[in-house]
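What follows is one structure encoded as structure tokens, with my remarks underneath.
The values are calculated or read from the model by the stated rules, or taken from the named source; none is laboratory data. A quick note: this is a predicted structure, and the numbers were derived from the prediction, not measured. Quick reminder, even Gly has a Cβ in these numbers, built from the backbone with ideal geometry, and neighbours come from all protein chains shown. Side chains are part of the model used for accessible areas, which takes the heavy atoms of the whole protein and leaves out ligands, DNA and RNA. Shrake-Rupley method; radii C 1.70, N 1.55, O 1.52, S 1.80 Å.
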Amino acid sequence: MKTIKTSEEYLLSSLTREDLSTDPFNQFDKWFKDALASDIKEPNAMTLATVNADNTPSARMVLLKDYSTRGFIFFTNYSSRKGRSLLLTNPYAALVFWWEPLQRQIRIEGIAHKLSSKLSNEYFNSRPRGSQLGAIASQQSQTLDAYETLENQYKELDQRFRNKTIERPDNWGGIVINPERFEFWQGRPNRLHDRFIYQRDDKKNWQIERLYP
Ligand SMILES: Cc1cc2nc3c(=O)[nH]c(=O)nc-3n(C[C@H](O)[C@H](O)[C@H](O)COP(=O)(O)O)c2cc1C
């Protein structure tokens, strides 16, 4: 077999039990701020994995727009493939961040629900007009016969909403992932990486364990 040769050794850092915050949200915040301070262009880009109605997995990139102990928020079309999976068939989701310059990966697994209309409206209203029109024009994940069709729909909406406030469509807004498990991964030499998971115990306290890499 002719394998792909990449020979990156992860020498930058390490992660010990003492380094970790007792609260995984604080730990995420610490690492996210490190990623923001690095030269990563979109540290908020994350892979979102969902489960389809037939139990097959599906993954794609989305942008994290906010996070707190109430969850991790991204915005999308609720009628899209991911939207229907999360809101109609299976609310379990997994998120993955890979910050190559920091040699760090974070995995989050949890349960999805819709963000409140109030907060979705606030975000939609803050977006540039072009993005607002784009959100309405795109029937995300549906078959599109030609790019021109989409452009024409966009132009038609642009005319229709000339000098008018554009309201958030019902099928577009935020989804919140409420974490049940976090994993923090720091690359180490010889593939002997550091991995720590946080999971809640019976009393809802976060327990930390180190895993073999
Ligand atoms: C870097 C990056 C960021 C993206 N961010 C979003 C996002 O925040 N929301 C979204 O709906 N799609 C986003 N997309 C597009 C999705 O990856 C995907 O193509 C789209 O949402 C349709 O997915 P679905 O058919 O599985 O629902 C992004 C793509 C990339 C490459």
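One line per residue, one yes/no per condition, for (1) among the aliphatic types (A, V, I, L, M); (2) more than 20 Å from V51 (Cα to Cα); (3) in contact with a helix residue (DSSP H, G or I) (Cβ under 8 Å, 6 or more places away or on another chain):
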position	(1), (2), (3)
S80	no, no, no
T89	no, no, no
G110	no, no, no
K118	no, yes, no
F124	no, yes, yes
D158	no, yes, yes
Exercise. What strands (runs of 3 or more DSSP E), lying completely within the stretch 38-96, carry at least 3 residues that are more than 11 Å from the ligand (Cβ to nearest atom)?
Worked result: 66-68
Exercise. Is one or more of the residues making up the stretch 171-190 touching a helix residue (DSSP H, G or I) at 6+ places or on another chain (Cβ under 9 Å), surrounded by fewer than 18 Cβ atoms within 10 Å (Cβ to Cβ) and aliphatic (A, V, I, L, M)?
Worked result: no
Exercise. Quick one: would you say S14 is out of contact with any helix residue (DSSP H, G or I) (no Cβ under 6 Å at 6 or more places or on another chain) and open to solvent by less than 90 Å² (accessible area, probe 1.4 Å)?
Worked result: yes
Exercise. When only residues in the stretch 122-163 that are more than 20 Å from the chain's Cα centre (by Cα) and among the basic types (K, R) count, which is nearest to F75 (Cα to Cα)?
Worked result: R129
Seminar exercise, completed: So, first residue touching a residue at least 60 places away in the same chain (Cβ under 8 Å) in the stretch 68-86, second residue part of a helix (DSSP H, G or I) and near the ligand (Cβ under 10 Å from one of its atoms), Cβ within less than 6 Å, six or more apart or across chains; the pairs are T76/G83; N77/G83
Exercise. Scanning for something closer than 30 Å to R191 by Cα, surrounded by 14 or more Cβ atoms within 10 Å (Cβ to Cβ) and of a type outside the set (D, E), does the stretch 109-125 turn up at least one residue?
Worked result: yes
For this session: Only one of these is of a type outside the set (D, E), within 30 Å of N190 (Cβ to Cβ) and away from the ligand (no atom under 14 Å from the Cβ): R129, R104. Name it.
Result: R104
Problem set entry | Any helices (runs of 4 or more DSSP H) falling wholly within the stretch 98-213 and containing at least 1 residues that are in contact with a Leu (Cβ under 7 Å, 6 or more places away or on another chain) | 129-137, 147-160
Exercise. Quick one: which of S68, S21, S85 is open to solvent by less than 70 Å² (accessible area, probe 1.4 Å), over 20 Å from the mean Cα position of the chain (by Cα) and of a type in the set (G, A, S)?
Worked result: S21
For this session: Inspect the stretch 141-164 for any residue being more than 30 Å from D39 (Cβ to Cβ), crowded, with 18+ Cβ neighbours inside 10 Å and touching a residue at least 24 places away in the same chain (Cβ under 8 Å) and give the result as yes or no.
Result: no
Exercise. If only one of L20, L11, L87 is modelled with pLDDT under 95 and aliphatic (A, V, I, L, M), which one is it?
Worked result: L11
Problem set entry | Selection count, the stretch 24-49, where residues are among the acidic types (D, E) and within 24 Å of P91 (Cβ to Cβ) | 0
